[in-house]
Amino acid sequence: MSKIEILKILKNKHPEITNKQLEKIFDIFIESISQNLLDKNSLEIRSFGTFFVKEIKEKKQARNPKTGEIIYIPKRNKIRFRASKKLKEIINK
């Protein structure tokens, strides 16, 4: 689902709010999530799930599967999402 589709759904549910206002609210929401993850904080949205950053350790002896060459992979951060129990129940109905 794209941002435009989400904004259309929100507009149908709340016709009194202008498109500019909806887009501003959506952008602030996404920016808040991004900033929280940049600060390496977890973010919990009740009945939806938790976003968090997981640090992946460096690998000094990794292999390139195509060539078999030994390569170095530096440590990095990955964004993870853990679905809430309620969301899992909704999906598995």
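Before moving on, here are some points about what is shown:
- Candidates are the residues of segment 40-64 that are of a type in the set (Gly, Ala, Ser) and part of a strand (DSSP E or B); the one that is surrounded by the most Cβ atoms within 10 Å (Cβ to Cβ) is 49.
- Evaluation of residue 37 against (1) free of Cβ contacts under 8 Å to residues at least 40 places away in the same chain; (2) surrounded by 12 or more Cβ atoms within 10 Å (Cβ to Cβ) (one fails), failing number: (1)
- Some residue of segment 50-65 being free of Cβ contacts under 8 Å to residues at least 12 places away in the same chain and under 21 Å from residue 83 (Cβ atoms): no
Laboratory data are not the source of any read-out in this text; all were calculated from the coordinates shown. All figures in this text were calculated on a predicted structure; none of them were measured in a lab. Virtual Cβ from ideal backbone geometry, glycine too; neighbours counted across all protein chains shown.
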